[in-house]
Amino acid sequence: MQKNAFKFFLDSLMFVLMTSIAATGLLLGFVIPRGGRVPQEEKYFLGLHRHDWGDIHLFLAITFLCVLIIHLWMNWTWIKGSAHKYFGEQWKRALLTMCGAWIGVLIIGWIIAR
């Protein structure tokens, strides 16, 4: 398979995974009720329990992260070139700062959610 064809397949797979993650997240957040006061029969959708949908959501997210790592690895030359173009000689520091800021946002969101 040619490199461009593989990248197209990878990007298409990422799109399908991301829309599936969004769909199962919306399903868990707004369609399937949660809580101990709700009868167990109401926690089913299309024959699957809320916890099964949560497992599917997690599996899709982990798969997406694996595909994302492959995507970044295959496009690393472009990422380095673009970062060098926009940030000059400080491109490594800029990429690390952006990654650190994003990790900080995730940690703060996790702390707030708890």
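The numbers here are math on the coordinates, done by the rules we state, and not lab data. Just so it is clear, the model here is predicted, and its values are computed rather than measured. We place every Cβ from the backbone using ideal geometry, glycine too, and count neighbours over all the protein chains shown.
For this structure, a couple of remarks:
- C-alpha center-to-center spacing [the stretch 1-39, the stretch 43-104] in angstrom: 14
- Among 96-109, 43-56, the order from most to least packed when residues are scored by Cβ within 10 Å on average: 43-56, 96-109
- Net charge dipole size for the chain [Lys, Arg +1 and Asp, Glu -1 on Cβ; Debye, nearest 20]: 400
- Span-like helix ranges in the chain, DSSP H, alpha carbon extent 15 angstrom or more, Kyte mean at least 0.5: 3-26, 50-74, 91-113
- Whole-percent P(r), the chain, all Cα pairs, 5 Å bins from 0: 2, 10, 12, 14, 16, 15, 12, 8, 5, 4, 2, 1, 0.
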